[in-house]
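Here's the structure we're looking at; comments come further down.
The values are calculated or read from the model by the stated rules, or taken from the named source; none is laboratory data. Not measured: the values here are computed from a predicted model. Positions of Cβ are backbone-derived with ideal geometry, glycine not excepted, and every protein chain shown enters the neighbour counts. Keep in mind that these areas ignore ligands, DNA and RNA; they rest on the heavy atoms of the full protein, side chains included. Shrake-Rupley method; radii C 1.70, N 1.55, O 1.52, S 1.80 Å.
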Amino acid sequence: MPYLPVLVLGLLALVNLFVAAFLLWLSCKICRVRRAGSSAAPPPPVAIRYRRALAVVLGLWVCGLVALAALWLIVPRQLWQDVTFSAFILLLHIVILLAFVRLFVCPTLGRTVLVAVVFQVLAIAYVVGFVFAVSQTLTSGYIQSTGSMAETVWGYHKDVRCPTCGFDFPINCSAEVDPVDMGRPTPTFACVCPNCRQRIHFPSAPSSFTQFFPDSAMIDDPGVSGGDRFLVGRGLLGADRIVPRRFDLVAHEYPYAKQSMLYLKRLAGLPGETIAISGGELYVLRPDKGLVYEEVEAHQEVKDPQEARTLAHENDPEALARFEKGEFEILRKSPEQILAMRHIVYDNDHRHDKQPPRWTGEDGWNAAGDHRFQIAAGPGERVAWLRYRHLLPDNGGKPALIADLTGYNTYQGGMHRDPLLDKNWVGDLILECEATIDNPQGELTLELSRGVDRFRARWDLASGVCTLVRVHKDGEKELESKPTAMNRKGAYRLRFANVDQRLCVWVNDERPFGEGVAYTAAKQLGPDANNDLEPAGIAARGAGVEVSKLKLFHDVYYTAGQIPNEPDVPGIDFADPSTWDDLRKPPVRTFYVQPNHYFVLGDNSAESSDSRSWGSLPHRLLLGRAFFVYYPLKRVGPLH
């Protein structure tokens, strides 16, 4: 049950509400608060009944949440890390508590203060005991310090706003707070906007940097923001009770540390499987088809990473031979995980004024302002295309392939002398837009290219039926059709994803094709100059449509190289098709997962230490599934 931890948290919140009401009622009883009214008769000993205490506590919670939400909209983000602001929040809590107790519980100010003090003492005692009990039996909170899971989970980072396109993105600054490699803090002083590729530096940047990059824009250092704080299942919700599933986020102890070190990774391989990494994708040879190694079966525990890698039989010739024969099957993420793990390629709402537009349309498409495109309904069978080209400032105006850039990794500082930019071609893309339809007629199509294929989600606006189509040089093939709600006038939030050899479609919050429609990869691998230099497009035929909020994302790319932040295939010019031949035969790495072990990977594959370098993880070191971010407030939500 993937939502069991969230249901348990909801139940605990409800229990805490009733307990808090009981503590308020008990505080009144201890303080002998008396009901307001006539003094002719002896007053009853308690001022409120339990039902009123429950209503007061509920109102107190609602008022506190509204106050926090208002502060979140007003107060700058960096102040939330300040100690003085934390003291202000505490004072605000006390004022709201006193106001509620005075208005709805106690007739006098003196009794109000007394009840509030007793209530707080009882509440603190309860919270300490409650947190201890929950942390031992259900869930514990942890903080992410490193960037190995970005951008699913953030470690210590700086929140940067690009001064030229206004795009907001985080960059890693773990070495500035929690240095590991150099033993001392190393300030982060520069980065690159992942949206428009503007170089950005802070006042602390050395003079040599500004001399070498005179076009770099300087902004104030945004300061350090703490890592995400998340909840992990323990005890009844721990790994011993709830068996982890593939692609779960799991917290675990590092196997070979001299002292306890908690890591957060994504579970990719299960016991007895052989995992392969190639072209950014994950593949599996399951145990019933897999390879068995006698010395591994007898060797349940390992003493060091080198022994673990030996038992993993990395790139075993038989495993590689089976991969070449096509016996491995691709591993596919869920639609929720696709959205959690994606990285921005381009957000058209944040354009660089001095760069050529990346979205351009054929006759019929008209720009409506800086961020919207319109086409009028018309007769005929002509299809008018609005296409994306990946035009980067350093490519002399030539379109390029989309590569595995992650804004989080573009930081410079300490040992990270250069920003981690385009290293590997990524063919798995996600297109997102809002389509406004005035008259439901004609067709609307979203297209994503990969290699020799173009994949389309085509809507018949009169009926709302969506058809998935695969277009090859020999023609097109319909994969599947489903009805959708796009047969009425209105605005629709659309997503179309081609990830892990599966097509997924979203219409607003609905997924008409469920988990998606899988397909078999083309025999010819790698990019195709006729398709991948126009990787995304939107088309209209006889339809009047306005398209806005255009965003293009790429999927996570799992690197296969021995050194994670080096390209799998070196020597590629992503704007020059004559250099692409080696991309058609990407390297392969295979790993055997020994019994009672798991193969875990970081979402930020280019900067992650994981099972690729230190082997499979023993089950005994698994704590449980990480399922919820509870702080900072802007990041609160379930983890996928």
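Couple of notes before you dig in:
- A Förster distance of 56 Å, applied to the separation of the beta-carbon atoms of residue 289 and residue 7, puts the FRET efficiency at 0.95.
- When restricted to Cα atoms, region 109-172 yields an Rg and a Dmax of 21.0, 58 Å, respectively.
- Whole-percent pair-distance distribution, where bins are 10 Å wide, for the alpha carbons of region 488-640: 7, 22, 32, 26, 10, 2, 0
- Our analysis of region 150-230 gives Rg over Rh at 0.98, with the two radii drawn from alpha carbon positions and Rh computed by the Kirkwood formula.
- Residue 50 accessible area, 1.4 Å probe, all protein chains in place, Å² to nearest 10: 80 Å²
- Both radii were evaluated on the Cα set of region 496-552; the Rg over Rh quotient, with Rh as the Kirkwood radius, amounts to 1.01.
- Estimated FRET transfer efficiency (residue 371, residue 84; beta-carbon r; R0 41 Å; 0.05): 0.55
- Here, P(r) means the percent of Cα pairs in each 10 Å bin from 0 to the largest distance; for region 376-534 it is 9, 34, 31, 19, 6, 1, 0.
- Residues whose amide H falls under 5 Å from that of residue 624, counting only those 5 or more places apart or on a different chain, are 239, 251, with hydrogens built in the peptide plane.
- Relative contact order (percent, whole number), region 353-411, Cα cutoff 8 Å, 6+ residue spacing: 30 percent
- Label point 7 Å beyond Cα of residue 354 along Cβ direction - residues of region 185-221 with amide nitrogen under 15 Å: 193, 196-201, 213-219
- Translational diffusion coefficient (Stokes-Einstein; Kirkwood radius from C-alpha pairs) of region 592-640 at 20 °C, 1.002 mPa s, in µm²/s: 167 µm²/s
- Within region 312-459: Cβ-based charge dipole about Cα centre, in debye rounded to nearest 20 (Lys, Arg +1; Asp, Glu -1): 300 debye
- For the chain, the mean residue ellipticity at 222 nm estimated from helices alone is -7000 deg cm²/dmol, where every DSSP H run of n ≥ 4 contributes -39500 (n - 2.57) and the total is divided by all residues, rounded to the nearest 500.
- Each peptide among 393-405, 544-556 gets the average number of other Cβ atoms lying within 10 Å of its residues, and from highest to lowest they stand as 544-556, 393-405.
- Across region 340-347, computed HN-Hα scalar couplings (Karplus, 6.51 cos²θ - 1.76 cosθ + 1.60, θ = phi - 60°) run 6, 9, 6, 10, 5, 9, 7, 10 Hz from first to last residue, x flagging Gly and Pro.
- Rg(Cα) / (2.2 N^0.38 Å) computed for region 528-581, rounded to two decimals: 1.68
- Between region 198-252 and region 134-157, the Cα center-to-center distance that results, in Å: 11 Å
- Dipole of region 449-544 [Lys/Arg +1, Asp/Glu -1 at C-beta], most positive-end residue of 519, 467, 451: 467
- Rounded to 0.05, the FRET efficiency of the residue 510 and residue 306 pair, given R0 = 41 Å and the Cβ-Cβ distance, is 0.25.
- Virtual spin-label span in nm between residue 467 and residue 211, 7 Å along Cα→Cβ: 6.4 nm
- Rounded to the nearest Hz, the phi-derived 3J(HN,Hα) couplings of region 521-529 under the Karplus curve 6.51 cos²θ - 1.76 cosθ + 1.60 (θ = phi - 60°) are 5, 5, 5, 8, 8, x, x, 10, 4, where x marks glycine and proline.
- Dipole orientation for the chain: of the candidates 217, 86, 414, 86 has the Cα lying most toward the positive pole (charges on Cβ; Lys, Arg +1; Asp, Glu -1).
- Other-chain or far-sequence residues with amide H under 5 Å of residue 492's (modelled H): 435, 436, 437
- Charge dipole of the chain (Cα centre as origin; +1 on each Lys and Arg Cβ, -1 on each Asp and Glu Cβ, all else neutral): 3400 debye, rounded to the nearest 20.
- Farthest positive-ward along region 256-386 dipole, Cα basis, beta-carbon charges - from 338, 369, 261: 369
- Cα principal axis extents for region 421-487, largest first, Å: 44, 31, 16
- Placing a label point 7 Å from the Cα of residue 72 along the Cα-to-Cβ direction, none of the residues of region 326-348 has a backbone N under 16 Å of that point.
- Computed over the chain, relative contact order equals 18 percent, with contacts defined as Cα pairs under 8 Å that lie 6+ residues apart.
- Unit charges on C-beta of K, R, D, E only; dipole of region 302-362, Debye: 220 debye
- Amide H contacts of residue 247 (H built 1.01 Å from N, under 5 Å, at least 5 apart or other chain): 267, 268
- Pairwise alpha-carbon distances in the chain exceed 45 Å for 29% of all pairs.
- Taking one quarter of the surface of the C-alpha convex hull of region 186-282 gives a mean projected area of 11.0 nm².
- HN-Hα J in Hz across region 144-155 - Karplus 6.51, -1.76, 1.60, θ = phi - 60°, x for Gly and Pro: 8, 9, 9, x, 5, 10, 5, 9, 5, 10, 9, x
- Stretching residue 585 away from residue 336 to a fully extended chain increases their span by 86.6 nm, per 0.36 nm per residue minus the current alpha-carbon distance.
- Region 447-468 versus region 337-374: alpha-carbon centroid distance in Å: 19 Å
- Mean projected area in nm² (Cα convex hull; one quarter of hull surface) for region 75-159: 8.6 nm²
- Dividing the convex hull volume of the alpha carbon atoms of region 382-444 by its residue count gives 153 Å³ per residue.
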